[in-house]
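Peer 1: Got a structure for you, questions after.
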Amino acid sequence: MSTEKLIIFDTTMRDGEQSPGASMTRDEKLRIARQLERMRVDVIEAGFPASSNGDFEAVRAVAGAIRESIVAGLCRANDKDIQRGIDALKDAKGPWRIHIFLATSPLHMAKKLRMTPEQVFEQARLSVRYAKNACPDVEFSPEDASRSEPDFLCRVLEAVIKEGATTINIPDTVGYAVPEQFGEMILNLRKRIPNSDKAVWSVHCHNDLGMAVANSLAAVRIGGARQIECTVNGLGERAGNTSLEEVVMAVRTRKDFFNLVTNIDTTQIVPASRLVSQITGFVVQPNKAVVGANAFAHASGIHQDGVLKARETYEIMTAEDVGWSANKIVLGKLSGRNAFRQRLKELGVELDNEDGYNKAFQRFKDLADKKAEIFDEDLLALVAQEAGATGDEEWGLVSMRQGSGTSEKPFASLVLRAKSSEIKAESKGDGPVDATFKAIEGVAKSGAELLLYSVNAVTQGTESQGEVTVRLAKGGRIVNGVGADTDIIVASAKAYISALNKLASKVERLNPQYQL
């Protein structure tokens, strides 16, 4: 039996962006898209062009920058949406795809669309016909397919394939499916639909019951699907989406079982994971498969002994396979600009201009004065802060001091930059972080609600930078701010200020809030 290819379709910048606070700017999407191209992802879904002018421009920018991967735009099944997608993608430097969706479950048709099945059938068919006139590569997704009636679903899918759909994607929109049942569903659809062989079959699974990866792999193994839609770190609405790194490494590690290959350069998985985490503010849990900090850690004495004797005793893949470095010390306080730039290049980091490199280099020098050993992870964290800056920040941290102890009320004293002036802010609190946030808020007076405060160590050891995520909500908007420093209180202040700047920024952050 010959080995077949499994197509990896990444929707981090579309479905992943729908996680609360994970909205991205155009430039952030470009950075992620370039990393996905380095990883050799087959299809990159850049966004939802009709959802906003900002997302339209982001999709157009990604299409203008990516040459090797197919760039896709999501569209509702109507001519206006589809034309918007065509306009965003038609000048692409490489191949492009129009991805159309329309709900087919009785619940969605009646309650959301308020359309009859016959109206849905006609709209699906005509929308694919419209897209096909401009784009040879058209994908169709029947939203909430796993709760749709099989006879009606077969009728719709046969019709859209006849109209020219080249990929049929079956979404488990609410994470309702279970693996064996979902695999059989895909197989039955392919058997029942006469022209099913004219399209590539794909799946898009959500993780509400923790089975997105299992459902996707069952669809591949049992159902014969040959495309999986997924996201880096499993990022996505509610409990998330199918995790790209997990399906890729499952197929690679168990090639004997799946008999499939992907195009993915797996050594780019961890860099992609870090980049998405830093941009969105969603920290990767330590025990996350493949990309978690503990994924290749062995605490048990028996396991440690086995790994020292032969790694394969307790490791089914190596850390190097997926891009984990050995925490190598790469630079120090005496390192120059050229060495700094070269190491960033080796890490796959690109900054937009010389000014960006100069600011990042100065951050590196400041860090080297505080921390004797600089690791790759440190470089990525400090560069992420520079790349994430918009240049028109409302607030900045000039200096701060804080204190706490068993016999005194914790306090924080900060000097903040507000445009061209400096303002002193002071407060006491239940702890140094609380005091810091109260001091900042006392000056900023944003009225934002703190939804999340999270701390993550960038590297091992007590000298490690702390990376803090702060999630704020105001007026229906949710943003994540990220800050890193060897002093966790300073990192907390940076993160809170970063979130405030996102709330105040005129740079459009994109969060279309449509799902499959």
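The values are calculated or read from the model by the stated rules, or taken from the named source; none is laboratory data. Note that the structure is predicted; figures quoted are calculated from it, not measured. Here the Cβ is made from the backbone with ideal geometry for all residues, glycine too, and neighbour counts use every protein chain on show. These area figures cover heavy atoms from the full protein model, side chains too; ligands, DNA and RNA do not enter into them. Shrake-Rupley method; radii C 1.70, N 1.55, O 1.52, S 1.80 Å.
Peer 1: How many percent of DSSP beta bridges within the chain run antiparallel, rounded to 5?
Peer 2: 50 percent
Peer 1: Follow-up question, since we're still on this one. If only Cα atoms are counted, what is the Rg of the range 117-174, and what is its Dmax, in Å?
Peer 2: Answer for the range 117-174, Rg first and Dmax second: 11.0, 32 Å.
Peer 1: Compute the Kirkwood hydrodynamic radius of the range 3-134, taking the inverse of the mean of 1/r over all pairs of distinct Cα atoms, and give it in Å to one decimal.
Peer 2: Value: 15.4 Å, from the Cα pair sum.
Peer 1: Moving on. Would you list 496, 357, 130 from the most to the least accessible area, probe 1.4 Å?
Peer 2: Final ranking, largest accessible area leading: 130, 357, 496.
Peer 1: In percent, how large is the relative contact order of the range 112-216, given Cα pairs closer than 8 Å and 6 or more residues apart?
Peer 2: 28 percent
Peer 1: Cα centroids of the range 195-238 and the range 64-128: how far apart, whole angstrom?
Peer 2: Here the two parts' Cα centres lie 19 Å apart.
Peer 1: Hey, which of these cross-link pairs are over 20 Å Cα-Cα: 111/191; 5/90; 428/502; 428/494?
Peer 2: Over 20 Å apart, Cα to Cα: 111/191; 5/90; 428/502.
Peer 1: Relative to the first principal axis of the alpha-carbon coordinates of the chain, what is the inclination of helix 212-221, with its axis defined by its Cα atoms, in degrees from 0 to 90 and to the nearest 10?
Peer 2: Approximately 40 degrees, to the nearest 10.
Peer 1: Would you mind calculating the relative contact order of the range 462-501 from Cα pairs under 8 angstrom and at least 6 residues apart, reporting the percent as a whole number?
Peer 2: 41 percent
Peer 1: Same structure again: Please report the accessible area of residue 258 (heavy atoms, 1.4 Å probe, ligands and nucleic acids excluded) in Å², nearest 10.
Peer 2: Answer for residue 258: close to 30 Å² accessible.
Peer 1: Under unit Cβ charges (Lys, Arg +1; Asp, Glu -1), what dipole magnitude, rounded to 20 debye, does the range 1-132 have relative to its Cα centre?
Peer 2: Here the range 1-132 has a charge dipole of around 140 debye.
Peer 1: Angle between the Cα long axis of helix 26-38 and the longest principal axis of the chain, 0 to 90 degrees, nearest 10?
Peer 2: It is inclined by approximately 70 degrees.
Peer 1: Sequence-distant or interchain residues sharing an amide H contact under 5 Å with residue 206, placed H: which?
Peer 2: Answer set, sorted by chain and number: 172, 175.
Peer 1: Over all distinct Cα pairs, what is the inverse of the mean 1/r for the range 56-101, reported as the Kirkwood hydrodynamic radius in Å?
Peer 2: About 10.2 Å for the range 56-101.
Peer 1: Would you pull out the residues with amide H under 5 Å of residue 7's amide H, same chain only if 5 or more places away, H placed 1.01 Å from N?
Peer 2: HN-HN under 5 Å from residue 7: 227, 228.
Peer 1: In addition: Once the chain is represented by equal point scatterers at the alpha-carbon sites, with solvent omitted, what log10 I(q)/I(0) does the Debye formula produce at q = 0.12, 0.14 Å⁻¹?
Peer 2: -1.12, -1.39
Peer 1: Then there is this: Heads up, I need the accessible area for residue 238: 1.4 angstrom probe, whole protein in place, Å², nearest 10.
Peer 2: 110 Å²
Peer 1: Additional query: For the range 286-291, what does the Karplus curve 6.51 cos²θ - 1.76 cosθ + 1.60, with θ = phi - 60°, yield as ³J(HN,Hα) per residue in whole Hz, taken in order and with x for Gly and Pro?
Peer 2: 3J(HN,Hα) across the range 286-291, in whole Hz: x, 8, 5, 4, 6, 10.
Peer 1: Tell me the label-point distance for the pair residue 474, residue 188, using the 7 Å Cα-to-Cβ offset, in nm and rounded to one decimal.
Peer 2: Result for the modelled spin labels: 5.2 nm.
Peer 1: Just the accessible area for residue 96, please: 1.4 Å probe, Å², rounded to the nearest 10?
Peer 2: Here the accessible area works out near 50 Å².
Peer 1: Same structure, new question: Amide H neighbours of residue 427 under 5 Å, at least 5 residues apart or on other chains, H built in the peptide plane: list them.
Peer 2: Long-range HN contacts for residue 427: 412.
Peer 1: If packing is taken as the average number of other Cβ atoms within 10 Å across a peptide's residues, how do 50-58, 71-79 rank, most packed first? The partial results should precede the final answer.
Peer 2: Details: 50-58: 20.9, 71-79: 24.4.
The most tightly packed comes first, giving 71-79, 50-58.
Peer 1: Please list 112, 345 in order of solvent-accessible area, largest first, computed with a 1.4 Å probe with all protein chains present.
Peer 2: From most exposed to least exposed: 345, 112.
Peer 1: Another question, then. Roughly how tilted is helix 53-65, in degrees to the nearest 10 and between 0 and 90, from the longest Cα axis of the chain?
Peer 2: In the chain, helix 53-65 runs at an angle near 90 degrees to the longest axis.
Peer 1: Something else now. Going by average Cβ neighbours within 10 Å, how do the peptides 173-179, 145-151 rank, with the highest at the top?
Peer 2: Highest to lowest by the protection proxy: 173-179, 145-151.
Peer 1: While we're looking at this one, here's another question. Ranked from the most accessible area to the least, with a 1.4 Å probe and all protein chains present, what is the order of 355, 487, 137?
Peer 2: From most accessible down to least: 355, 487, 137.
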